[in-house]
Each structure stands twice: as structure tokens, then as C-alpha cells.
Amino acid sequence: MILRLAAALCLTLLAHAAPAQDTVAWKTGREAKLIETRIEALLKTMTLDEKVGQLHLSGRGEGFNAARIREGRMGGVMNFVVPQEVADVQKAARESRLKIPLIIGLDAVHGFSTYFPLPLGQASTWNPELIEEAAYWTGREARAAGIQWTFAPMVDISRDPRWGRVLEGAGEDAYFGSIVAASRTHGYQRGGVATTVKHFVGYGAGEAGRDYNSTWIPTSQLFDLYLPPFKASFEAGSMTAMAAFNALNGVPTTAHGGLLTGLLRQNWGFKGFVVSDFGSITELRLHGIAKDDAEAARKALLAGIDMDMMGDVYDKHLAAEVKAGRVSVKMLDEAVRRVLRVKFHLGLFERPDVDPAAAPALMQTQEAREVALRAAREGIILLKNANETLPVASSVKRLAVIGAMAVPEAERVWTDPAGLGRRAIQSLPDALKERVQAGVEVVYEPAFTRNCGTEFADKEAALRAAAASDLVIAMLGEDCEFIGEGASRANLGLPGVQQELLEALVATGKPVVLVLATGRPLVLTWADAHVAAIVQTFHGGTEGRTAIAEVLTGAANPAGRTPMSYPRSVGQIPIYYNHLPTGRPQKIRQRYESIYMDEKNEPLYPFGFGLSYSRFTYANPRVDRSRIPINGIAEISVDVTNSGSRDGQEVTQLYIRQPVAIRSRPVRELKGFNKLAIKAGETRTVRFKLEAQKLGYHDDTGRYVIEPGLFEVYLGGSALAEAKTQFEVIKP
Ligand code: BGC
């Protein structure tokens, strides 16, 4: 019996450990040394063209020239997702003179075959382990299709929901963003694909929220706000990085030697390679810092861009630049070394090519879908719930689901690997029908055409269905060109005819639950004042609508929290919780205070906010000692009670403030959070360990400073946390 138990245990452990064999990570010690020897040996045998070839990244589609692979003049390819095609290109590389394998990359941003919520939706779970699992399964599926490298995670902090790419990130906060960045890096690489932390750096700060626009970031802010998630991803082992499109303080980052070489390589010791963004080297001409592509190639390489993504500029010009002596062989070799290093550490030279026949069985496994469901469920944010409209009461006998966002086709997916068998995403009405009590009728009316509700379908039918129901579920949002890259918006209302529809639904007099599937926080000021409940999702992926149905019916208790502040009006942007105090703070809202004449200062919903069907109260905030040495640790705790009648999950957040310092310090800064299941009626003590070393900031030269003095601590369920304690940091 004992033996059988032991054998079973062994099997369980093996089953658990099995996926880890795919893990990619920097090798250390002897193995790393051996790799350096192999790189040098290989470099010696390479021609100039073969060296340049390693820096050339080309992609599937028009103009792709597979012959270049056999000639040894392509180091990587991207956008191949069909396993047989992946196998074919890799075979071509094995037929080249030196047989150097290709690195095969893809934007596996929030899934490959199984789709998880958009990264902003994953971030809304405030559950780092779950976020890591989502990245793990994404990596594993991509890896099963022969992909070894993903252009993720995007870790750009943004305080501007006008920017369409906030959906790829983790929101507005550097501390939170760093934890998410590390989790996603670990997850992907454990799943078997190398990560590309991007976009280095400041891309999320584009002026006026316009994509690709210039950024102006003071050094102290660069170090305090924008760089930490990159650092966290490198510390978690990210093997590559991508430079950004934007110019930072006047210098396009693609040609920014201070950042790419000075900071990244010399200060941080990064050993992997840096890839340009899509065609960004040739764009140096348009930025006005290169007169032609040859100069652009030279400037990028000298600054520290190792691989040219889709620009063909290195391919066309680098060899000539080297021959003319404008780029030294030493510099070229260094870039090639970095690319080869990643290929060796990834094990590409030893790794068997993808088995196209085996790939489909590894897609959308039960485990992956379970993680997708949990991530979708935990990322749903309940923003408003007047009169406990939700979960749907037993008195509701007829539910009207209105809005074309309720159908699976409205779901945003990045790539759709054909032939790998995707499970159909459930529609919201179908998911509800499975979950409502017997006898409850669910009717569905699309009301508008997809593509962000550009026009009405049968509006009258929708209003009739609403009028005949006990509760209206309006699923609205952004499912069009309005989200993602190149999709900045100057207006953040519901697009198309959707606002008009929402107002007409409210006018029926029936309670309306607004369910949103967007790529960003919208301006919901009207909705907040008029609808009964608001449920935010950021395109929940394969299991998204199933999870929404669970939340609406009460099978799941909402536990998501927003990683971005919701503006009341576009004019408040940039809006973020950790702003500095002013000398003229808002007191009684009168002129000559720092206020708007026509709008409140506060966001509609603050950072970290989200309701639940439970109610959580905070008591007894305390710190173990009132004085902490500068190299010491403060132990902070608070009692959290679920005073509601349902079990739930609370995200306890810890914010600090240093009221007096040499520089003006933010009114609040997140320094810890903890997501915990708390049973109805139960009180749990949540504990944090806060290192004094983590309480500092960067000065104008980028130097890290920790100033002794008083620190206030606020604990609670959002950036408005009220339970307060304090301690003093002292010099030992
Ligand atoms: C984006 C990158 C992406 C690349 C490849 C670019 O336009 O900025 O984030 O990885 O395209 O698809």
C-alpha cells in the first residue's frame, strides 16, 4: 500500500514536473561558459553576409524570400503559426551552410490557441500566479507549434486610456506593473518560449495619447515609473528586448545608445539581444535623424539594436557599412554574438524541430481552458451594483441580452492559427441559458451591427425585448479598429450608436446592467449615473462570456480590480492615483485651487477599485515597530472582515506616503497587495513585509535615494484606502 502510494505520489510529481522540461532560462556556470566557446568558434567560421543574416528578421507574407534562409541570410522569422510551415522554414535553415537554426517569433500576446483575457484583463485579476499560468499556457501552445520566441510581455506603463495599446499592458502603476511583468516573463519562459520585454522605453507616454508620438520623460520619472517593469522582466530572465517606436526626449529609442548600450548593457548587464520594432530602423529617416537607410542601419546598430525586424535595412546595407569601415567588425560581431547567445541558451541547436502531427493535441487542453476560465472570471471588475441588482435575483423571470458584443465573433484575438481546432467561444445568451434557474427565459437581440456598433441592426426589436424583460443585460464595447496598436482615441465614450442605444434601454424603465468588453477604461460618467450595474471586462478570451455568465448569475463572486483610473472626462487625462500634491490643493473647490471649473478632480473609479458581492471592512492597521532602520523591514498588518453573506476574495492594497522629503513625493504609492479568499463572516489578518530599501526614489541624475523620515501607510481595497498607520525610517 505504502509502495503504491509512493508510486502514485511519484507519478503525480512527474506529471507536475513534466511541463518544466520545456522551460527556457539563461544557463549558468560551466554551461554558460561552454556556450561562449561555441559562439566564438561559430563566429570564426561565418562570412560577413552570414553574420548580417543573423541580424535579419523577416516575416510571413508578401515579399518573404525563403531562399534567403538557405543562403544563411536570415536569422529569424515571424508570424508563422501553422506547424507545418514552421517546420518547413526551420528545415530550410538546417540546409544552410552553417545550419544555424532560425529563431521563430510571434506576438503571442494573450494566447495562442486558448485565449486568455487581454493583458489588461489579466492584470485586473491582481493574481500574479494566475497571470503566470496564463502566460505559461500561451507559451506552451506556441512552443508546441514550433514557436520559440514571443514579442511579449508589453510592460509599458500608461496613464492615458486614449492610447489604444493600454490593453496590452498592466496599467498605470510601476510597482504593480513590475510584478505582472515578472509573472508573465516567468510564465512564457516556463512554457518554452523566450520573452521580448517591450517597448524599451517610455512608449506608453506618447504625447496626447497618440500612438507612436514623442515622449518627454524626466530622468527621475523614467527611473521611478517606466523602467522598473523592464528591470523586473530582466531579473525574471527575459532573454530579449524590443526597442520602442517613439522618440524619448528627442532621441528615437531605436538609435538611443545611452539607453540600449549604456543603461541596458553596461549598467544592467543584459546579455540577450535587442530587436527593433517593426520597420523602426528605416523610420529613423522619418524621425529626421538619418538621411537614408544606410545611415539608419548604422545608427541603429551602433546604438545597440541587434536585430532588424521587418525593415530589411540591415540585410541591404550593413555589409556595405562594414566594408566601408563605418561600422566596425567588432560592433557587428557583438550583435551577432548576442543573437547566437540567445539561440544557444534556448537550446535551438539541439532542439528537435516541431512535429506538426503532434501539435493539435497540445492545443486547448482541458488544463489550459480551466486557467482561461479562472483568469476571465477573476479579471471581471464590478464597477457599480446599485440596490444589489447583481447577482440576478430569483424574481427575474425574463432576461433580455442586448448588444452584438455578446456574440463570440466580437472577441478580440491576435492570431488565429488555422487548422489547430479552436473551441467555439460561448455567446453570452447561451452561457446564461445554461446557468439561470429553470423557468427563466433569456432572449437575445444584437441591436447593432458589429464593428463597434457602427449602425443599428433592429433597434426597435431590441427595445421591445428590453421592455418585455425584468432585467436588461446590455453587452457593449469596442470590437473594431478602435482598440490595440495604432488605435488611439480622442473621445472615450461608447463608440458608434451604442450610447444612443444605452440611453434608449434606460428609458424603457427596466433596470439595465451594462457589461463592457473594451480595450481600455472608457468614460462612463453617464452610465454610472443611469444604469443599475456596470461590469467591466477587457475581452475575456475563449472562456470570457462563460465567466461573465457566472458572475451575472452569482455562480462566481467578482474579484477583479482596476489597474487604471477611470476618467470622468477626457479632459482629466493623464489621470493617475500616484500624482504629486500641489501647493494649491482642492479644499472647497473654488478658483485658485488646483481644480477644474467644470469637472471634479477625482476619477470616476479609482485605481485598485472593484466591488464584490461580499463587503469587506478594515480594522486595526498596525506596524510591528514605530522606527525601522534604513536597511530593515516593517511588518504591517490589518484585519479584514468579510461582513457580507457570501464568500469572496479581497485584494488588500498597501499604499505609502512620505509627507516630507527633499523632493515632493506622491500622495500615495502602492507598495504591496494581497489577494485573499475570505469566507462570509470571517476575519483574516493580512500581513505585509515592507523593506525600507524599497521606499526610495530616483533623483534627477537617476540615482536611487532613500530618505529617512516619516512614512504614512494606508491599507484598504483601492487607492482610496483609509485604514492608516505609520512608521519612521531611521539611519542605523
Ligand atoms: C508592434 C510590436 C509587435 C510587432 C510585431 C509592432 O507594430 O509595435 O509590439 O511585436 O509589431 O508584430
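If you go through the stretch 133-142 one residue at a time, do you hit one that is touching a residue at least 40 places away in the same chain (Cβ under 8 Å) and surrounded by fewer than 24 Cβ atoms within 10 Å (Cβ to Cβ)?
no
If you go through the stretch 136-146 one residue at a time, do you hit one that is in contact with a Phe, Trp or Tyr (Cβ under 9 Å, 6 or more places away or on another chain) and either among the aromatic types (Phe, Trp, Tyr) or over 25 Å from Leu340 (Cα atoms) (or both)?
Yes, the stretch 136-146 contains a residue that is in contact with a Phe, Trp or Tyr (Cβ under 9 Å, 6 or more places away or on another chain) and either among the aromatic types (Phe, Trp, Tyr) or over 25 Å from Leu340 (Cα atoms) (or both).
Suppose we keep only residues that are among the hydrophobic types (A, V, I, L, M, F, W, C) and out of contact with any strand residue (DSSP E or B) (no Cβ under 7 Å at 6 or more places or on another chain) within the stretch 474-508. Which one would you say is farthest from the ligand (Cβ to nearest atom)?
Among those residues, the one meeting the criterion is Ala507.
Give the stretch 687-712 a look and list any residue that's more than 19 Å from Asp224 (Cβ to Cβ) and crowded, with 20+ Cβ neighbours inside 10 Å, or say none.
The one that is more than 19 Å from Asp224 (Cβ to Cβ) and crowded, with 20+ Cβ neighbours inside 10 Å: Phe688.
Is it fair to say Arg165 is surrounded by fewer than 24 Cβ atoms within 10 Å (Cβ to Cβ), within 16 Å of the ligand (Cβ to nearest atom), within 28 Å of Val523 (Cβ to Cβ) and not hydroxyl-bearing (Ser, Thr, Tyr)?
It is false that Arg165 is surrounded by fewer than 24 Cβ atoms within 10 Å (Cβ to Cβ), within 16 Å of the ligand (Cβ to nearest atom), within 28 Å of Val523 (Cβ to Cβ) and not hydroxyl-bearing (Ser, Thr, Tyr).
With the checklist (1) surrounded by fewer than 24 Cβ atoms within 10 Å (Cβ to Cβ); (2) of a type in the set (A, V, I, L, M, F, W, C); (3) over 26 Å from Arg210 (Cβ atoms) in hand, flag the one item Phe273 doesn't pass.
The failed condition is (1).
Could you tell me how many of the residues in the stretch 234-248 are within 15 Å of the ligand (Cβ to nearest atom), farther than 19 Å from Lys343 by Cβ and part of a loop (DSSP other than H, G, I, E, B)?
Residues in the stretch 234-248 being within 15 Å of the ligand (Cβ to nearest atom), farther than 19 Å from Lys343 by Cβ and part of a loop (DSSP other than H, G, I, E, B): 3 in total.
Condition check: in a helix (DSSP H, G or I), of a type outside the set (Phe, Trp, Tyr) and farther than 29 Å from Arg568 by Cβ. Does Glu378 satisfy that?
no
Residue check: is Glu411 in contact with a strand residue (DSSP E or B) (Cβ under 9 Å, 6 or more places away or on another chain) and closer than 30 Å to Ile104 by Cβ?
yes
Find the helices (runs of 4 or more DSSP H) located wholly in the stretch 436-510 whose residues include 2 or more that are aliphatic (A, V, I, L, M), and list them.
Correct list: 459-467, 498-507.
Take Glu650 and tell me if it is touching a Phe, Trp or Tyr at 6+ places or on another chain (Cβ under 7 Å), over 15 Å from Tyr175 (Cβ atoms) and not hydroxyl-bearing (Ser, Thr, Tyr).
For Glu650, the condition - touching a Phe, Trp or Tyr at 6+ places or on another chain (Cβ under 7 Å), over 15 Å from Tyr175 (Cβ atoms) and not hydroxyl-bearing (Ser, Thr, Tyr) - is met.
What number of residues within the stretch 115-159 are assigned to a helix (DSSP H, G or I) and either within 16 Å of the ligand (Cβ to nearest atom) or among the hydrophobic types (A, V, I, L, M, F, W, C) (or both)?
Residues meeting the conditions: 12.
Name the pairs: first residue in the stretch 304-323 and without any contact (Cβ under 8 Å) to a residue 40 or more places away in the chain, second residue outside any helix (DSSP H, G or I) and away from the ligand (no atom under 14 Å from the Cβ), Cβ to Cβ under 7 Å, at least 6 apart or on different chains?
Taking only residues 6 or more apart or on different chains, the pairs are Glu321/Val327.
Return the residues of the stretch 445-473 that are of a type in the set (D, E, K, R) and either in contact with a strand residue (DSSP E or B) (Cβ under 6 Å, 6 or more places away or on another chain) or within 12 Å of Gly403 (Cβ to Cβ) (or both); say none if nothing qualifies.
Scanning the stretch 445-473 gives Glu445, Arg450, Lys459, Asp470.
Test Val201 against the criterion of being crowded, with 24+ Cβ neighbours inside 10 Å, within 19 Å of Glu133 (Cβ to Cβ), within 16 Å of the ligand (Cβ to nearest atom) and over 13 Å from the mean Cα position of the chain (by Cα), and give yes or no.
Answer is no for this residue.
Determine, yes or no, whether Glu321 is surrounded by fewer than 19 Cβ atoms within 10 Å (Cβ to Cβ) and charged (D, E, K, R).
Answer is no for this residue.
Please state which of the following conditions Pro360 fails to meet, knowing it meets all the rest: (1) assigned to a loop (DSSP other than H, G, I, E, B); (2) modelled with pLDDT under 95.
It fails just one condition, (1).
Among the listed residues Ala532, Ala555, Ala517, identify the single one that is touching a residue at least 40 places away in the same chain (Cβ under 8 Å) and either buried (at least 24 other Cβ atoms within 10 Å of the Cβ) or among the hydroxyl-bearing types (Ser, Thr, Tyr) (or both).
Ala517
Does at least one position in the stretch 56-74 carry a residue that is crowded, with 18+ Cβ neighbours inside 10 Å and within 30 Å of Gly540 (Cα to Cα)?
No, that holds for no residue.
Find all pairs meeting these conditions: Cβ atoms under 9 angstrom apart; at least six residues apart or on different chains; first residue within the stretch 42-60 and of a type outside the set (Lys, Arg); second residue exposed (fewer than 15 other Cβ atoms within 10 Å of the Cβ) and in a helix (DSSP H, G or I).
Note: pairs meeting the criteria are Leu48/Lys323; Leu48/Val329.
Hey, Ala300 hits all of (1) in a helix (DSSP H, G or I); (2) more than 16 Å from the ligand (Cβ to nearest atom); (3) over 23 Å from the mean Cα position of the chain (by Cα) but one; which does it fall short on?
Condition not satisfied by Ala300: (2).
Tally the residues that are assigned to a loop (DSSP other than H, G, I, E, B), under 32 Å from the mean Cα position of the chain (by Cα) and either polar (S, T, N, Q) or more than 16 Å from the ligand (Cβ to nearest atom) (or both), restricting the search to the stretch 304-325.
1
If Lys343 satisfies all but one of (1) touching a strand residue (DSSP E or B) at 6+ places or on another chain (Cβ under 9 Å); (2) charged (D, E, K, R); (3) free of Cβ contacts under 8 Å to residues at least 60 places away in the same chain, what's the number of the condition it fails?
(3)
Inspect the stretch 160-180 for any residue being outside any helix (DSSP H, G or I) and within 17 Å of Arg351 (Cα to Cα) and give the result as yes or no.
Checked against the condition, which is being outside any helix (DSSP H, G or I) and within 17 Å of Arg351 (Cα to Cα), the stretch 160-180 yields no hits at all.
Restricting attention to the stretch 268-284, and to residues there that are farther than 15 Å from Val197 by Cβ and not in a loop (DSSP other than H, G, I, E, B), which single residue is nearest to the ligand (Cβ to nearest atom)?
It comes out as Glu283.
Given the condition part of a strand (DSSP E or B), touching a residue at least 12 places away in the same chain (Cβ under 8 Å) and over 20 Å from Leu167 (Cα atoms), answer yes or no: does some residue in the stretch 584-594 qualify?
no
Would you check if Leu346 is among the hydrophobic types (A, V, I, L, M, F, W, C), closer than 22 Å to Ala87 by Cβ and crowded, with 18+ Cβ neighbours inside 10 Å?
Criteria met by Leu346.
For the stretch 511-533, how many residues meet the condition of being hydroxyl-bearing (Ser, Thr, Tyr) and in a strand (DSSP E or B)?
Selection size over the stretch 511-533: 0.
The values are calculated or read from the model by the stated rules, or taken from the named source; none is laboratory data. These numbers were taken from a predicted model, which means no experiment stands behind them. So basically every Cβ, Gly included, is an ideal-geometry build from the backbone, and we count neighbours across all protein chains shown.
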